[in-house]
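Every number in this text was worked out from the coordinates using simple rules, so none of it is lab data. As the structure is a prediction and not an experimental result, all values here were calculated from the model. Every residue, glycine among them, receives a Cβ derived from its backbone with ideal geometry; neighbour counts consider all protein chains shown.
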Amino acid sequence: MLATVVAASGSTYRRPGARLLLSAERWIAGGISGGCLERDVLGKAWWRTREGPQVVTYDSTSADDEETWTFGLGCNGRVDVLLERLAASGEAHPLDFIARCLEARRPGVMATVFRGGPDTMGRRLLLEANGVRSDLPPGPVRDAVRAAAETVARGEGRTRAERLGPSTDPHEVLFEVVLPPRSLVIFGTGQDAVPLVRMAAALGFHLTVVSNTSGGAPADLFQEANIRLTASPKTVREKLTLEEDSAVVIMTHNLSHDRGYLRFALESECRYVGILGPRARTERLLNELAEDGFHPSESRSAALYSPVGLHLGAEQPEEIALSILAEVEARFRGGDAQSLRGRPGPIHPRPS
């Protein structure tokens with residue numbers, strides 16, 4: 001059984017695209033709320049889908065009784081959840097599609113019809129690098145869904161619901177942008193890199209840990225890393241390519257090594273380059289690189305974060321790791337890294 005948030009308005013804990021997977025034996029993975037909706041889905045989903053996929057609406061926008069608030073939507077929120085029983089496999093199986101995108105590290109768009117005719121309800125069109133798969137019947141609806149999915153793929157990469165077709169016979173479709181895990185490359189294998197790797201793994205980053213030598217913390221402390229490389233600043237270009245949508249943290253505690261890795265990072269197009277240590281130390285490294293003839297452009301200098309991390313008053317390695325990852329998340333998600341209590345209006349952008 002798969003439960004997917006397909007639409008949300010007002011104040012809600014999760015946004016469209018959040019999903020919960022559950023079995024008849026009450027095994028669950030994922031989540032669609034803070035916990036209260038899961039309880040209702042777990043108890044009623046199999047009964048509700050006995051005749052096919054169904055959309056259930058949880059609405060507290062006009063609630064003033066205690067029973068409605070137990071759904072845990074927050075203040076004035078509405079959530080539409082698509083419930084569907086999953087086959088073991090299929091032409092447009094959602095979990096297989098997500099797995100392919102993650103394994104290939106390529107983005108894709110999954111379009112799910114959650115309101116429409118009985119022949120389209122719960123059916124999908126999957127758009128990926130090597131083509132299109134769909135269990136939608138051929139015809140105008142499928143053509144419209146494909147055209148909209150291609151537009152979403154060319155756009156800003158945001159999951160959203162759209163209404164397609166004439167007003168007399170509309171279809172509501174959730175377009176989910178499936179992105180591979182963002183790459184985080186850590187140069188350095190000291191003890192302070194260990195909590196950074198562990199926290200980043202918990203956040204779902206694709207992790208590469210690079211050491212100049214075989215020294216540093218024992219390798220078994222970096223089991224969460226997807227890739228572990230031994231590469232000097234001179235050889236790293238032969239073994240590693242930094243993607244534009246990636247983050248780099250340099251923390252070797254060695255001036256010569258940091259200087260070489262810093263140049264490698266600034267010569268790439270990666271959007272975040274953080275380096276551990278005081279500002280004066282980074283300025284020294286940049287001056288030494290300038291003496292060698294390397295002058296980063298204004299845009300590349302803007303990608304450099306030194307000192308690395310947000311000002312959390314961090315002292316311990318775990319606290320420093322938290323401040324670094326908080327800054328990385330803010331950088332890539334467009335957050336201003338300020339306290340939410342001082343932010344006017346909603347936390348998340350509301351659908352128009």
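Can you tell me the 0 to 90 degree angle between the C-alpha axis of helix 317-333 and the longest principal axis of the chain, rounded to 10? It is inclined by approximately 60 degrees.
The angle between the Cα long axis of helix 140-154 and the main principal axis of the chain comes to about 20°, on a 0 to 90 degree scale.
Relative to the Cα centre, the charge distribution of the chain, modelled as +1 at Lys and Arg Cβ and -1 at Asp and Glu Cβ, gives a dipole magnitude of about 320 debye. Within the shell defined by Cβ-Cβ distances under 14 Å, the residues around Gly31 carry a net charge of +2, with Lys and Arg each +1 and Asp and Glu each -1. With the cut-off at 1.5 for a/c, could you classify segment 183-333 from its C-alpha gyration tensor as rounded, prolate or oblate? Rounded shape, in that the Cα axes give a/c under 1.5. A cut-off under 15 angstrom between Cβ atoms defines the neighbours of Phe205, and their net charge, with Lys, Arg +1 and Asp, Glu -1, is +2. Loop-located trypsin sites (Lys or Arg not before Pro) in segment 118-209 (DSSP state other than H, G, I, E, B) with a sparse environment of at most 14 neighbouring Cβ atoms within 10 Å: Arg158. Can you give me the C-alpha center-to-center distance between segment 126-141 and segment 208-254, rounded to a whole angstrom? So the separation of the two Cα centres works out to 40 Å. Sorting Lys239, Lys234 from the fewest to the most surrounding beta carbons within 10 angstrom yields Lys234, Lys239. The C-alpha atoms of the chain define a longest principal axis, and helix 36-48 lies at about 40 degrees to it. Pairs of alpha carbons in the chain separated by more than 26 Å make up 59% of all such pairs.
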